[in-house]
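The values are calculated or read from the model by the stated rules, or taken from the named source; none is laboratory data. Nothing here was measured: the structure is a model prediction, and the numbers come from that model. Cβ placement follows ideal geometry from the backbone for every residue including glycine, while neighbour counts extend to all protein chains displayed. Remember, those area values only see protein heavy atoms, side chains included, never the ligands or the DNA or RNA. Shrake-Rupley method; radii C 1.70, N 1.55, O 1.52, S 1.80 Å.
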Amino acid sequence: MTVPWLPRPFPEEEQDSLESLSTAAHSVVMMRHGESLFNKHNVFTGWCDVPLTENGRKEATHAGRILASHGLEFDVVFCSVLQRSAITAQLALEACGQSWVDVRPRWELNERHYGALQGLSKDETVEKEGLEAVREWRSAYHSRPPPMTDDHPHWPMIASDRRYAPLLNGGGISSSSSFSSSSSSSSSSSFSSE
């Protein structure tokens with residue numbers, strides 16, 4: 001099975017560049033979380049804090065073993081505040097023998113906010129809205145999904161989550177995001193705790 005977010009075996013000519021990571025003065029390694037429950041069911045996830053599947057936990061452990069096999073040592077790990085990211089980081093660090101490394105969750109590293117699409121089936125959304133609209137929302141750099149309103153079933157989960165209290169107290173949580181914007185500097189509508 002091919003999993004797009006896990007490291008792949010490199011062709012022989014690229015092995016030297018991968019091995020040089022372990023001897024570089026500084027390196028940045030980026031890794032996507034393992035399969036989540038919503039990934040498994042092809043649902044827009046966004047900021048919904050869904051768990052990893054058993055397969056996702058295995059993927060995280062496997063990724064950690066790959067990191068260890070290349071001799072990579074970490075000083076600090078940054079991840080989102082979503083459990084799929086934090087647990088992937090913990091499992092990967094444990095698998096590469098570095099469970100003691102400082103892990104720093106940050107909401108700014110959350111997956112993009114899918115707004116009103118969050119929790120919806122991707123297939124059903126394509127049927128309802130059309131493939132081009134969904135592609136635009138998912139991939140276009142400046143495009144935002146339809147905004148989440150305070151009557152969305154996931155809004156109370158986000159608005160009452162203490163991880164986002166600074167956002168609520170600081171003026172609001174973004175109702176959706178594009179790749180070109182961040183939640184803290186968004187000019188689109190946002191919701192306050194009022």
Could you sort 121, 176, 27 by their accessible area in this structure, using a 1.4 Å probe and putting the largest first? 27, 121, 176
Once the whole set of protein chains is in place, how much accessible area is left on residue 108, using a 1.4 Å probe, in Å² to the nearest 10? 120
Let me check I have the definition right: for segment 96-139, take the eigenvalues of the Cα gyration tensor, multiply each by 5, take square roots. What are those semi-axes in whole Å, largest first? 34, 12, 9
Cβ-derived FRET efficiency at R0 41 Å, residue 161 paired with residue 70, nearest 0.05: 0.70
Compute the FRET efficiency between residue 101 and residue 121 as 1/(1 + (r/R0)^6), taking r as their Cβ-Cβ distance and R0 = 25 Å, and round to the nearest 0.05. 0.10
Going by amide H atoms built from the backbone, whose H comes under 5 Å of the H on residue 79, apart from near neighbours? 104, 106
Describe numerically, in nm with one decimal, the distance between label points set 7 Å from Cα along Cα→Cβ at residue 24 and at residue 37. 3.7
Given 92-98, 43-49, the highest-first ranking by average Cβ count within 10 Å works out to 43-49, 92-98
Loop only per DSSP, at most 11 neighbouring Cβ atoms within 10 Å: give me the chymotrypsin sites (Phe, Trp or Tyr not before Pro) in segment 98-177, ordered by residue number. 100, 141
